[in-house]
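Some notes on the structure that comes next.
Derivation of every value follows stated rules applied to the coordinates shown; laboratory data play no part. Fair warning: this is a prediction, and the values are worked out from it, not measured in the lab. Ideal geometry is used to build each Cβ from the backbone, glycine not excepted, and the neighbour counts take in all protein chains shown.
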Amino acid sequence: MNMNTTAWNVFELFGPVLLAGLSWLSVKAAQLISVKVKNEQLKAMLLRLDDVVLAAVREAQQVLVDKLKAASADGALTPDQGTQAKQAAIDSAKSQLGATGLAEVGKTFGLEGAAVDKLLSTRVEAAVHHLKAQSRPTLSSGTAGDAVPFVA
């Protein structure tokens with residue numbers, strides 16, 4: 001047997017195995033790419049949703065909450081006023097997203113109707129918490145707080 005015949009026989013023997021291996025690798029690569037694309041879409045939607053909700057919460061703060069707090073004797077909102085402000089922020093976020101954006105949110109997260117509203121509601125609460133946390137005074141980085149005497 002010469003070298004060409006031997007190489008051809010080896011190729012005939014291992015060719016199907018090699019082809020199956022390449023097919024399996026291409027399927028796995030396609031799955032990996034699909035997962036990566038889906039994750040990027042989800043990440044982009046979360047960022048977009050957070051931006052819209054944060055803008056809606058800031059708008060509700062400036063337009064409604066500040067006026068309600070100024071009119072209040074103690075400078076705080078009643079539970080009904082808090083609910084009203086939250087609903088105003090949700091409505092503003094829905095308005096900014098539009099019908100197409102809301103449908104896209106639902107499609108991306110696999111939600112329908114009231115579940116999208118619940119998602120917006122929780123995002124609004126998270127944005128309010130974030131804004132409140134930012135406005136609280138913090139200790140300066142150079143101090144550890146009030147001095148406590150050392151007791152020996």
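Those helices (runs of 4 or more DSSP H) of segment 1-118 in which at least 2 residues are in contact (Cβ under 8 Å) with a residue 24 or more places away in the chain, considering only elements entirely within it, cover 3-60, 79-109.
If a residue has to be within 13 Å of GLN84 (Cα to Cα) and surrounded by fewer than 15 Cβ atoms within 10 Å (Cβ to Cβ) to count, how many in segment 49-65 make the cut? Number of matching residues: 1. Residues of segment 67-120 that are surrounded by fewer than 16 Cβ atoms within 10 Å (Cβ to Cβ) and over 27 Å from the mean Cα position of the chain (by Cα): LYS67, LYS69, ALA70, ALA71, SER72, ALA73, ASP74, GLY75, ALA76, THR78, PRO79, ASP80.
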